[in-house]
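Notes follow once the structure below has been shown.
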């Protein structure tokens, strides 16, 4: 398992909702990831949001099945669930704040070089 991917809410929802426009593409990619034993990461926040959307967009039975199946996957070695606790959440907020600052600096420098 050399490769890794992070799957967000949209990916999980599209994988489980046949009515989504890109469902077939995502399902095909997902099967490739499984076959290639790619490490699959997501967070507790993403799963919480995903489960909420399952019950909003799918019928109750489909939502429950999708939730149980996805939850079970994270008990295997190929799936890694990143726990978002208060410390991790704060780190993410700091990273986001500083990344926006550095993006602003980068754009400022680029704009000066254009003139």
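Label the range 4-84 by shape, choosing from rounded, prolate and oblate, from the square roots a ≥ b ≥ c of the eigenvalues of the Cα gyration tensor; if a/c is under 1.5 it is rounded, and otherwise prolate applies when a/b is larger than b/c, oblate when it is not. Walk me through the numbers before you get to the answer.
On the way: a/c = 1.74, a/b = 1.20, b/c = 1.45.
Verdict is oblate for the range 4-84.
I'd like the FRET efficiency for residue 85 and residue 8, computed as 1/(1 + (r/R0)^6) with the beta carbon distance as r and R0 of 25 Å, rounded to 0.05. Working shown, then result.
Working: r = 19 Å, r/R0 = 0.77.
Efficiency, rounded to the nearest 0.05: 0.85.
Using Cα pairs closer than 8 Å and at least 6 residues apart in sequence, work out the relative contact order for the range 4-84, in percent.
36 percent
Could you check the spin-label model distance between residue 49 and residue 72? Points 7 Å from the Cα along Cα→Cβ, value in nm.
Between residue 49 and residue 72, the label points sit 2.7 nm apart.
If R₀ is 30 angstrom, what is the calculated FRET efficiency for the pair residue 32 and residue 60, using the beta carbon separation as r and rounding to 0.05? The partial results should precede the final answer.
Details: r = 30 Å, r/R0 = 1.01.
The value I calculate is 0.50.
Ranking 22, 57 by Cβ neighbours within 10 Å, fewest first, what do you get? Mind showing how you got there, number by number?
Numbers: 22 12, 57 15.
Lowest count first: 22, 57.
Read-outs: derived from the displayed coordinates by stated rules, not from any lab. Owing to the predicted nature of the structure, the values given are computational and were not obtained by experimental measurement. Ideal geometry is used to build each Cβ from the backbone, glycine not excepted, and the neighbour counts take in all protein chains shown.
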